[in-house]
Amino acid sequence: MVMAYILAKIEAGKEDGILESIRALLEVKRAAFTFGVYDVVVVVEFARVEGLDEFLFAKLRKIPGILETISMIVSKEIV
């Protein structure tokens, strides 16, 4: 299982539309708007790393108003 945190910068004023678009993506486990350098944190899980690649390039980055993303693949989760 591959889990990742994706941070995204979004265009000002498009928050509501982007939230709805992110919500519609089945791969998204959780998402939150944040203050700071990045505006949104998205948590995703995939069976293989190729799923993350496809998600980023074919889905998330295609959402109008998402300006930049950075991905962090989880090595160990502490709960």
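The values are calculated or read from the model by the stated rules, or taken from the named source; none is laboratory data. Bear in mind that the values here come from a model prediction, so they are computed numbers and not experimental data. Cβ sites come from the backbone with ideal geometry, for glycine too, and all protein chains shown count toward neighbours.
Listing for the model above:
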quantity: Count - residues of the stretch 62-77 that are loosely packed, with under 15 Cβ neighbours inside 10 Å, touching a strand residue (DSSP E or B) at 6+ places or on another chain (Cβ under 6 Å) and not in a loop (DSSP other than H, G, I, E, B); calculated: 5
quantity: Segments classed as strands (runs of 3 or more DSSP E), wholly inside the stretch 1-51, with at least 2 members that are loosely packed, with under 13 Cβ neighbours inside 10 Å; calculated: 28-33
quantity: Filter result (of a type in the set (Asp, Glu) and modelled with pLDDT under 95) within the stretch 54-79; calculated: GLU77
quantity: Output for the stretch 1-31, where each listed residue is within 16 Å of SER71 (Cβ to Cβ) and without any contact (Cβ under 8 Å) to a residue 40 or more places away in the chain; calculated: LEU25, GLU27, VAL28, LYS29, ARG30, ALA31
